[in-house]
Every structure is written in structure tokens, then in C-alpha cells.
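Engineer: Handing you this structure, nothing more for now.
The values are calculated or read from the model by the stated rules, or taken from the named source; none is laboratory data. From a predicted model like this one, the values you see are computed outputs, not experimental measurements. Here the Cβ positions follow ideal geometry from the backbone for every residue, glycine too, while neighbour counts run over all protein chains shown.
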Amino acid sequence: MMKRKSLSQAKLDNLAGHLFIAPQFLGFLLFVAIPILAVIIFSFQDRNLLTGKWDWIGFDNYSFMFTKDPYFYKVIGNSLIFSFGLIIMNVSLALFLALILFQNKRGMIFFRTLFFSPVVTSTVAWVLVWSFMLQSNQGTINQFLKTIGIQGPNWLGSTQWAMFSVIFIRVIKNVGLNMVILIAALKDVPHELIEAARVDGANMFQCVRKIIIPLIAPTILLVIIITLIGSMNVFDHIMLLTAGGPSNSTLVLAYYVYYQAFLTNEIGYASALAVVLFLVVLGLTFFQWNMRKKWVSYEQ
């Protein structure tokens, strides 16, 4: 009797465990797995959003993408420029702010809140404010530059400055999140190591380069991967600031997917682009993760 009872209890525990994970599993199935599968299937079809008609065309969308699409390689180049520019600026600034603000000194909480506040600010409101500030003649920034004798460029209307402007606005918007993550990592760095290095004559720069950065390297890698994924999926800033212009200089892959799907109504081709976007993000993420052994090290 005791054996049967214990077996029955084990089955009940097993059932309870499955019931607890069922909502998460169903959510993943309905909102992640099935949509991804549908996009992959659509990528092999000539599907029009307006007419609702579709034909199975195999790899024709991918063939057109790599051989005949006049914008595809430009879009890939823009996406890589945006991603690497964003990673360099965002991670560098986040690390600089974290090194300054991780200490528990008076006023640090205020500055942490100040730099983190754009993260929780509405993206639309944030972008609209910056679009007015970056206007060519009446913008706040160019008006300020004019007072000191500098003629500011057309930040969002120039092919030379548009990409930099979008990257800069995105960095200021999200740098606070990476800053908080790095501050949490810096809190775990043994202070005794830094004190010992200072006693031995090391300056602060040497302590940062030889002790702090090697110890928080895994967190820096995490921040880089998060920033990379976000940069490859950027859409809102591009749409609201430049809509891919001027002259397609800020046309990135995520916005190009939207353009093909909802402006030209080519759902099949947009799905193929989305699959390529997924593979690019996945490939870059795996590349960074596999490279971690070469630079994530605790050795001095």
C-alpha cells in the first residue's frame, strides 16, 4: 500500500510540475514557435498582403534577395555599421559611467537615476524631442552651435551625419540599462585587489585595465550581446527619425522588412528578409559567445 501511495504521489507531483510550466510553454508555442515557423513557410511563398493570394515559389525570394535586389547589400552594410557603431559607443559610455557612479558616495543615486531615466521614457516622445533638436536651421543644437560661430550640419537630412545621429540618439536612450548592469558587476569586484594594486604603485587606469575589466569581462560580454541583438532589431528610431533616408543611408534590415511587408505588401519577400535577419543575429551572437574564451579571462 505504501509503495502504491508513494507512486501515486510521484505522479501527482509530476502532473503538478507540468501544470506549472504549461502557461509558459503554451505562451512560447503560440507567440514564438508557431510565428517563427509561419515566417519560414511564408518565405517560400509569393504572398501579397492586399490580395491574400499566394503561390509556392521555393527559393525564389532568396535568389532575388542575393542576386537581384538593388538594396539588399546596402541594407546589410547599413545594419552592420549601425550595430558596431552602437556597440562601441554604448558599451564604452556605459562602462565609463559605471566606473564613475558605482561608488556609494553622496549624490551618486541622483546621477544613476538621471542617466537611467531615458530607458523608461517613451521612445516616441524621446525621438520626437530629438528630431526637433536636430533640425537643420531651427534646431536647438544648431542654434547653440551658431552662437559660438559654428555652422551645424543637417543632422538627419545629410547622408554623412544621419547614421551617426540615429546611433547617438539610440545610445543616449539605452545606455542607462547597460550602466546599471555594469554597476552591479563592479559591486562584486573585491576592493582588496584594487587597494593592493594602489599600494604597489598602480594608478587608477592600470587598475581598471588590469584588474577591473578582466574581472567583469563576462558581464561586458553579456552587455555586448544584448546591445547587438537590440541594434539588429532597431526599428522605431529609424522609422521616426529618417524612415531609412536620406538616400537609403539609414535603411537597416529590420526597417526594410517592415517596408517590404506593409508598404509594398510583399509578405513572402519580407518573411525571407526576416529569416535572414534572424540568421544574422543568431550567427553574430554565436560568434561572440564562442570568442569569449579568447578575451574573457581572469588572468592578469
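Engineer: Cβ-Cβ distance below 8 Å, separation of 6 or more or different chains: which pairs start in the stretch 78-91 with a residue that is farther than 16 Å from residue 235 by Cα and in contact (Cβ under 8 Å) with a residue 24 or more places away in the chain and end on one that is part of a helix (DSSP H, G or I) and of a type in the set (Ser, Thr, Tyr)?
Structural biologist: Partner pairs satisfying both residue conditions: 87/227; 87/231; 90/227; 91/227.
Engineer: Please enumerate the residues belonging to the stretch 185-232 that are crowded, with 17+ Cβ neighbours inside 10 Å and of a type in the set (S, T, N, Q).
Structural biologist: 219, 227, 231 - these are the residues of the stretch 185-232 that are crowded, with 17+ Cβ neighbours inside 10 Å and of a type in the set (S, T, N, Q).
Engineer: On the given criteria, is residue 265 in contact (Cβ under 8 Å) with a residue 24 or more places away in the chain and over 25 Å from residue 123 (Cα atoms)?
Structural biologist: Considered against the rule, which asks whether it is in contact (Cβ under 8 Å) with a residue 24 or more places away in the chain and over 25 Å from residue 123 (Cα atoms), residue 265 comes out as yes.
Engineer: Taking the stretch 121-147, which residues are surrounded by 14 or more Cβ atoms within 10 Å (Cβ to Cβ) and touching an Asp or Glu at 6+ places or on another chain (Cβ under 9 Å)?
Structural biologist: 123, 127
Engineer: For the stretch 102-120, does any single residue satisfy the condition of being surrounded by 16 or more Cβ atoms within 10 Å (Cβ to Cβ) and not in a helix (DSSP H, G or I)?
Structural biologist: yes
Engineer: Among the helices (runs of 4 or more DSSP H) contained in the stretch 210-299, which hold 1 or more residues that are over 23 Å from residue 88 (Cβ atoms) and small (Gly, Ala, Ser)?
Structural biologist: On the way: elements: 217-232, 236-241, 253-258, 267-290, 292-295.
Filter on the stretch 210-299 gives 267-290.
Engineer: Also, quick follow-up: I'd like to know if the stretch 68-89 contains one or more residues that are of a type in the set (Lys, Arg), part of a helix (DSSP H, G or I), surrounded by fewer than 20 Cβ atoms within 10 Å (Cβ to Cβ) and over 17 Å from the mean Cα position of the chain (by Cα).
Structural biologist: yes
Engineer: Go through the stretch 192-208 and report how many residues are free of Cβ contacts under 8 Å to residues at least 60 places away in the same chain and either closer than 13 Å to residue 99 by Cβ or not assigned by TED's automatic domain parsing to the domain that holds residue 99 (or both).
Structural biologist: 4
Engineer: Looking only at the stretch 77-110, which residues are small (Gly, Ala, Ser) and either modelled with pLDDT of 90 or more or under 27 Å from residue 250 (Cα atoms) (or both)?
Structural biologist: Those that are small (Gly, Ala, Ser) and either modelled with pLDDT of 90 or more or under 27 Å from residue 250 (Cα atoms) (or both): 77, 79, 83, 85, 92, 94, 98.
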